[in-house]
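We did not get these values from a lab; they are worked out from the coordinates using the rules stated. Since this is a predicted model, take the numbers as computed values, not measurements. Using ideal geometry, Cβ is built from the backbone for each residue, glycine included, and neighbour counts are taken over all protein chains shown.
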Amino acid sequence: MVNNLPYALGLTGGIATGKSTVADYLAEVYGWPILDADLYAREAVQPGSVILEAIAQRYGPSFLNPDGTLNRPQLGDIIFNTPQERKWLEDQIHPFVRGRFEQEMRTGESPVVVLVIPLLFEAQMTDLVQEIWVVSCSLEQQLARLQARNQLSLEAAQARIASQMPLESKTALADVVLENNGPREHLQQEVDRIVSTRFHKFPQSCTSR
């Protein structure tokens with residue numbers, strides 16, 4: 001720990017490359033707490049929040065469901081196809097997400113914590129972590145997984161991928177690259193190998209299976 005903060009591992013990658021698979025494995029096998037930017041982003045737009053009110057004022061009441069929650073598919077149609085609107089939304093949400101990360105890291109007790117941040121580079125949050133892992137896969141795999149997971153057309157899946165920083169640019173900035181083109185067991189074995197070589201300095205309880 002540095003300044004009473006845990007050692008923060010930043011886990012990122014492209015959409016549908018396998019970040020959640022890696023995070024779940026690190027939590028289950030190594031017991032490391034997982035702090036998820038997507039969960040905090042959902043908190044940011046809960047009914048009654050200032051950010052949700054700003055979205056409704058900008059785009060109209062049709063962007064809210066009858067129960068007052070955000071109409072995510074309708075908002076997605078705009079932000080994944082209009083860069084300036086995506087930037088506006090991110091400018092509202094990213095400061096909230098950063099604040100939640102900082103809050104949780106100050107109150108946690110584990111010497112290692114995993115920050116899952118899909119937009120780690122785009123949101124300029126690299127200063128929150130000590131090292132960066134990027135989960136990567138082929139474009140064909142990424143498209144297939146995204147279409148199956150989110151029930152998207154090929155064009156919609158391509159738009160979501162294109163809205164993010166190119167995956168090859170992320171891997172060039174990574175401390176660790178996890179290739180996720182094969183069976184899940186291969187990915188888990190690679191995680192085990194990396195943990196055993198990079199985290200041997202931490203207490204055995206943090207890295208034992």
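Placing unit charges on the Cβ atoms only, positive for Lys and Arg and negative for Asp and Glu, gives segment 31-73 a dipole magnitude near 140 debye about its Cα centre. Among beta bridges identified by DSSP and lying wholly in the chain, the antiparallel ones come to about 10 percent.
Once the Cα atoms of helix 83-107 and of the chain are each reduced to a long axis, what angle between those two axes, in degrees from 0 to 90 to the nearest 10, is obtained? For helix 83-107, the angle is close to 40 degrees. The residues packed around Leu35, meaning those with a beta-carbon under 13 Å from its beta-carbon, carry a net charge of -1 if Lys and Arg are +1 and Asp and Glu are -1. Express in whole angstrom the spacing between the alpha-carbon centres of segment 105-125 and segment 29-89. Comparing the Cα centres of segment 105-125 and segment 29-89, I get a distance of 20 Å. Near the amide H of Leu64, within less than 5 Å, lie the amide hydrogens of Asn71, all on another chain or at least 5 residues away, with H placed in the peptide plane.
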